[in-house]
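Below: one structure, written as structure tokens.
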Amino acid sequence: MSLLSLVLTAYRKGRNASAALAFLTVAIGLASSGTNALGQQKAQQKELRIAAAADLQPVLPVLADQYLKATGVKLIISFGSSATLATQIQNGAPIDLFMSADFVTPEKIVAAGLADGTAPTPYAKGSLVLWTRKDSGLLPLSMERLTDPKVKTIAIANELHAPYGRAAADALRRMKIFDQVSPHFVIGENITQTAQFAESGNAQLGLISLTTASTPHFKEIGTYVLVPTNLYNSIQQCAVVIGNSDRKAEAHAFLNWVLSSQVQNELSNFGLGAVQ
């Protein structure tokens, strides 16, 4: 029965108007307190805004679900190339934690005085792979395929914006084939777009992250070989808590959770290496 019905019933049973009004006042007060309690409960649910490198797209959603169940904190994640995200942060984007695919980019946030700390925190190690579709006609796959006359298109991330693109370009230069293969480049703004070019067949080969190549979909339709680590500088993926965030404590807590042995031991399942 509604509050109004209760009041009308009380009135019809002979109670005076003042009594009915008093009853209604109490009832409304109880309803209001219940609404306030729900509002406070909703306000208490904490959210953490994370700007994350595109190579983490297969990784963070899984970790976000685990973290929500463990702590009740919801992760709001924006993915993009590390350099693009850093520019957004420098322009005042409301971000609590920046998880880059390298050390250099978050170091720029520190140097600009925008970080809550004096140095980026390493949280994972990345690996670069050469990937192709199983139906590309380029199997067995090897690094020598990069100069195969049949190869006319190679997907690579923009080395100016994406750390994995920079690692790929470095590898090609150390192999002394950069000038030879660069006319074949199909350039992605970030490593996710680069992988999409290779996945769709718009590029015959793709220099992409192991995190992407390790996903069930990419393993089903394609194959990869690891790019030798001596061909590019170590991909130290680092994070910084943003200094003007009003959720610094929550950001540090999440970063500490990522650095815990529980999560670090799980990173290999996603194609990342532990930092310990």
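Please treat every number below as a calculation from the coordinates, not as lab data. Small disclaimer: the values here were computed from a predicted structure and weren't measured. Every residue, glycine among them, receives a Cβ derived from its backbone with ideal geometry; neighbour counts consider all protein chains shown.
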Next item on the list: Pull up all non-local amide H partners of Ile95: gap of 5 or more, or a different chain, and H-to-H distance under 5 Å with H placed in the peptide plane.
Entry: none
Next item on the list: Just order 67-77, 105-115 by mean Cβ neighbour count inside 10 Å, highest at the front, would you?
Entry: 105-115, 67-77
Notebook entry, point to check: Roughly speaking, what is the stretch gain from Ala112 to Ile221, that is 0.36 nm per residue apart minus the C-alpha to C-alpha distance, in nm to one decimal?
Noted result: 34.9 nm
Check: If you plug each phi of segment 66-77 into the Karplus form 6.51 cos²θ - 1.76 cosθ + 1.60 with θ = phi - 60°, what whole-Hz ³J(HN,Hα) values come out, in order, with x for Gly and Pro?
Finding: 4, 5, 4, 5, 7, 10, x, 8, 8, 8, 9, 10
Next item on the list: Would you calculate the separation in nanometres between label points at Ser234 and Asp148, each defined as 7 Å from the Cα along the Cα-to-beta-carbon direction?
Entry: 3.3
Note to self: Sort 203-213, 49-59 by packing, meaning the average of other beta carbons within 10 Å per residue, with the highest value first.
What the structure shows: 203-213, 49-59
Next item on the list: Excluding Leu146 itself, calculate the net charge of residues whose Cβ lies under 15 Å from the Cβ of Leu146, where each Lys or Arg counts +1 and each Asp or Glu counts -1.
Entry: +2
Notebook entry, point to check: Hey, got a sec? Which trypsin sites (Lys or Arg not before Pro) in segment 142-205 land in a DSSP loop and have at most 13 other Cβ atoms within 10 Å?
Noted result: Lys150, Lys152, Lys176
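Suppose R0 equals 51 Å. What FRET efficiency, 1/(1 + (r/R0)^6) with r the Cβ-Cβ distance, do Arg173 and Trp257 give to the nearest 0.05?
Working: r = 38 Å, r/R0 = 0.74.
Computed FRET efficiency for Arg173 and Trp257: 0.85.
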Note to self: Residue by residue through segment 89-100, what is 3J(HN,Hα) from phi via Karplus (6.51 cos²θ - 1.76 cosθ + 1.60, θ = phi - 60°)? Round to whole Hz and write x for glycine and proline.
What the structure shows: 5, 5, 8, x, 4, x, 10, 9, 9, 10, 10, 8
Next item on the list: Quick one: which residues, 5+ away or cross-chain, put their amide H under 5 Å from the amide H of Leu75? H built at 1.01 Å from N.
Entry: Leu48
Next item on the list: Apply the Karplus parameterisation 6.51 cos²θ - 1.76 cosθ + 1.60, with θ equal to phi minus 60°, to every residue of segment 121-126 and state each ³J(HN,Hα) to the nearest whole Hz, in sequence, with x for glycine and proline.
Entry: 9, x, 10, 6, 10, x
Check: Considering amide H positions built from the backbone, and no H for Pro or chain starts, which residues 5 or more places from Asp102, or on another chain, come under 5 Å of its amide H?
Finding: Cys238
Note to self: Quick check on my link table: of Lys125/Lys219; Lys69/Lys134; Lys125/Lys152; Lys69/Lys108, which ones sit more than 27 Å apart, alpha carbon to alpha carbon?
What the structure shows: Lys69/Lys134; Lys125/Lys152; Lys69/Lys108
Note to self: I want the local charge near Leu160. Using Cβ-Cβ distances under 12 Å, sum +1 for each Lys or Arg and -1 for each Asp or Glu among the other residues.
What the structure shows: -1
